[in-house]
Amino acid sequence: MSESRDIKRVDLFVIGGGINGCGIARDAAGRGLSVTLAEMDDLASATSSSSTKLFHGGLRYLEYFEFRLVREALIEREVLLRAMPHISWPMRFVLPYHPSMRFESETPTSKLLTTVMPWMKGRRPAWLIRLGLFMYDHLGGRKILPGTSTVALRGTPEGAPLQDRFETAYEYSDCWVQDSRLVVLNARDAEARGATILTRTKVTHARRDGDIWQIETEDTVTGDRRTHHARMLVNAGGPWVGDIIHDKIDLPSREGVRLVRGSHIVTRRLYDHDKCYFFQGTDGRIIFAIPYEQDFTLIGTTDSEHTDPSRRPECSPEERDYLIAFANRYFKQAISADDVVWSYSGVRPLYDDGASSATAATRDYTLKVDASGGAPVLNIFGGKITTYRRLAESALEKIGEHLTVGKGPWTAGVPLAGGDFPVDGAQALIEGLERDYPFLGPDWALRLVRTYGTEARRFLGSATTAADLGRDFGATLTEAETIWLMRREYARTAEDVVWRRTKLGLRLSEEEIAALDGWMTSRREGAAAAE
Ligand SMILES: Cc1cc2nc3c(=O)[nH]c(=O)nc-3n(C[C@H](O)[C@H](O)[C@H](O)COP(=O)(O)OP(=O)(O)OC[C@H]3O[C@@H](n4cnc5c(N)ncnc54)[C@H](O)[C@@H]3O)c2cc1C
C-alpha cells in the first residue's frame, strides 16, 4: 500500500459527488470558500443518475401536506429551467381520471376523507384532484409553465394509446432534467470557481484534530492514499450518509436514514406524442410514463425498502412486473417483459421520520450540524434533484455559522455551462448547428444541444464532415466528443460516457461499448506515459 501524502488545508471538504455534494461545492466555491470534493466512483454514479429526472413540485406530496417542500420545488422549477435551458425543458403531464382511483391509505388526506366521507371507501374523488392541481398551479412562482387544463380523451392523440374506459384527463406542467448532466455541470462550475473535484476517491476515515478535520482518502484506481485537512466537513454521501456518520467519522449521532429503492423500466416508444402520463394505481401509488431519448418510453417508479447501501440497487423481476401490470391497466396495447430494453434502479436516502411506509417517508431534506467534538460536520439527509440549489443555500447558511462566508446566495439565475441562452432558445440553437454543420442532421444536432447547449460548438470546431470529428464509435458518438468528456467532464470509462454523460448506451451494442472502453483505456495510458 502506498504511503499517505499530506495536502494543504481547505475550508470545506465535501464527501460525495451526487447532486447535493456538487451543488454545495459550487455554491461554496462561488462564495469564496476553498473547497475539495471527493467522490468514490464517478460523479452521479449513485442516486443522482437514477431518478425519474423531473424538476417537479411533487403533486402527490400534497396529500401528505408537505406544503413547504412542494412550494419550494414549484418555485425552483422555473429558476432552474432558466439556468439550464439545454438540459431541462417543460413537459405536460396527462392524468387520466377514473372514479375507481384509490388513495394510499396512510396519507393525512385519505385519513381525513375517510372520517368526513366514509362512503368514498378510500377512493380519490375528481374534485380532490382538481383541488390539488389548483394548488399546484398557484402555490408558487409559475410564470413560464402553462397551467392545468381538462382534456377530453376521445379522438385525441393523448387518448389514442389509452384504454377506452378513460374519457377525461387533467393536464398540468412540470419539467424534465438530464439528472447526471446536472451533476457534472455543477462540478465543472465548482471547479471553474476554484474547487478541487476528485473522482474515484474514497474517504476511508476522518477524525477531528481540535478545530481541524483530518480526512484520509484512497484513490480507488491507483490505491494512492492522501491526508486532507479541512475546517469543516460536509457529509453528502446520499445512501451512505449513515455509513459515513457511523463508520468513517465515528459520530455518536442518532439521526437515521431510510433507504427506499425506486426502479424504472425503459421500452421502445409506446405512443406518438411528447406528453407524459401520470397513472394512479389501485394501491394508491402513482407512476409516470415519459417520452425518453426520442425513441423510448420511461416507466417508473417503485418504492421498496433497501437495507444495505453497498448492495447495488437493481430492478427486481417483481418490480419490473409491477410496473408492467400498472401500465397495462392504462395502455390499450399491453406490454410484457420482452418489451423492456433497459431498466435502472436507485436508492432514495430519505430522512428517517418514523413514517409507516416507504411511500409515506418524507421527501424533504434535513441538515444537521455536529460541532460537539471540535471541528464541525454537516450531515445531509434526503432532498430532491429539484431542490438541490435551495438545499445548497440552506447548507451555506449552516456553514456560515462556523466559517466566514464572503457573500450571500448567488446561484439563482447564473447559468450552468452551455446554458447561456434564452429559456425558449433550444430550437434556434439546434437549427444553428444544422446550418453550420449540415452533416449532423436534425437528430444528432438535437442530441448535442440537449447535452451540451452552446458548448457543442467547442468540440465540433471547424469540422465540415463527420470524419473530421475522428473515430466514430457508433450512434453519433465521435472521438472529438469523447475527448471533450474525458478532458472537461471527468469521464474515465465507457460506462461514464454511455450511461451518465450521455444515454447512448440505449443505442450502442455491447461490442461498440467495449471498443469505446478499449480506446479510452489506451488514451488514458498514453496520456499517463506522456506525463
Ligand atoms: C427512483 C428515484 C426517483 C427519483 N426521482 C426524482 C425526481 O424525478 N425528481 C427529483 O427532484 N428527485 C428525484 N429523486 C430524488 C433524487 O434523485 C435524490 O434526492 C438525489 O439524487 C440525492 O442526491 P445525493 O447527492 O444526496 O446522493 P447521491 O447521488 O447518491 O450521491 C452521494 C454520493 O456519495 C458518494 N459517496 C458515498 N460514500 C462515499 C465515501 N466514503 N467517499 C467518497 N464518496 C462517497 C457516492 O458514491 C455517491 O455518488 C429520485 C430518487 C430516486 C431513487
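The values are calculated or read from the model by the stated rules, or taken from the named source; none is laboratory data. This is a predicted model, so every value here is computed, not measured. Note that each Cβ is placed from the backbone with ideal geometry, even for glycine, and that neighbours are counted across all protein chains shown. For the accessible areas, the whole protein counts, side chains as well, though only heavy atoms, and no ligand, DNA or RNA atoms are used. Shrake-Rupley method; radii C 1.70, N 1.55, O 1.52, S 1.80 Å.
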When residues of the range 189-212 are limited to those that are crowded, with 16+ Cβ neighbours inside 10 Å and closer than 13 Å to VAL35 by Cα, the one nearest to the ligand (Cβ to nearest atom): LEU198
Residue count, the range 479-517 (criterion: open to solvent by 40 Å² or more (accessible area, probe 1.4 Å), basic (Lys, Arg) and assigned to a helix (DSSP H, G or I)): 2
Which numbered condition ILE324 fails, given (1) part of a helix (DSSP H, G or I); (2) crowded, with 21+ Cβ neighbours inside 10 Å; (3) more than 10 Å from the ligand (Cβ to nearest atom): (2)
Residues being touching a residue at least 40 places away in the same chain (Cβ under 8 Å) and either open to solvent by less than 40 Å² (accessible area, probe 1.4 Å) or touching a Ser or Thr at 6+ places or on another chain (Cβ under 9 Å) (or both) - total across the range 367-376: 5
Those residues of the range 219-242 which are over 17 Å from GLY16 (Cα atoms) and of a type in the set (Asp, Glu), in sequence order: ASP224
Residues being touching an Asp or Glu at 6+ places or on another chain (Cβ under 9 Å) and more than 9 Å from the ligand (Cβ to nearest atom) - total across the range 15-31: 6
Residue count for the range 295-319, restricted to those that are away from the ligand (no atom under 14 Å from the Cβ) and either in contact with a helix residue (DSSP H, G or I) (Cβ under 7 Å, 6 or more places away or on another chain) or not β-branched (Val, Ile, Thr) (or both): 4
Selection count, the range 1-35, where residues are surrounded by 24 or more Cβ atoms within 10 Å (Cβ to Cβ) and in a strand (DSSP E or B): 5
Residue selected from the range 36-46 under the condition within 11 Å of the ligand (Cβ to nearest atom) and outside any loop (DSSP other than H, G, I, E, B), by the criterion farthest from GLY140 (Cα to Cα): ALA38
Residue match in the range 346-354 (condition: free of Cβ contacts under 8 Å to residues at least 60 places away in the same chain and either open to solvent by less than 70 Å² (accessible area, probe 1.4 Å) or assigned to a helix (DSSP H, G or I) (or both)): yes
Criterion: more than 28 Å from ALA73 (Cβ to Cβ) and crowded, with 23+ Cβ neighbours inside 10 Å - qualifying residue of THR156, THR217, THR222, THR227: THR217
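Residue-wise test of (1) under 28 Å from the mean Cα position of the chain (by Cα); (2) under 25 Å from VAL423 (Cα atoms).
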position	(1), (2)
GLY155	no, no
PHE166	no, no
CYS175	yes, yes
THR199	yes, no
GLN214	no, no
THR220	yes, no
PRO252	no, no
Residue in the range 462-478 that is of a type in the set (Lys, Arg), outside any helix (DSSP H, G or I) and modelled with pLDDT of 95 or more present: yes
Single residue of ASP436, ASP472, ASP443 found to be touching a strand residue (DSSP E or B) at 6+ places or on another chain (Cβ under 7 Å) and surrounded by fewer than 16 Cβ atoms within 10 Å (Cβ to Cβ): ASP472
Among the residues listed as ILE399, ILE385, the single one being assigned to a helix (DSSP H, G or I) and either open to solvent by less than 20 Å² (accessible area, probe 1.4 Å) or within 30 Å of VAL347 (Cβ to Cβ) (or both): ILE399
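Out of curiosity, is ILE299 among the hydrophobic types (A, V, I, L, M, F, W, C), in contact with a Cys (Cβ under 7 Å, 6 or more places away or on another chain) and open to solvent by less than 10 Å² (accessible area, probe 1.4 Å)?
Judged against the criteria, ILE299 is not a match.
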Total residues in the range 447-462, condition under 19 Å from SER180 (Cβ atoms) and open to solvent by 40 Å² or more (accessible area, probe 1.4 Å): 1
Every residue from the range 47-71 that is buried (at least 22 other Cβ atoms within 10 Å of the Cβ), of a type outside the set (Ser, Thr, Tyr) and within 11 Å of the ligand (Cβ to nearest atom): LYS53, LEU54, PHE55, HIS56, GLY57, LEU69
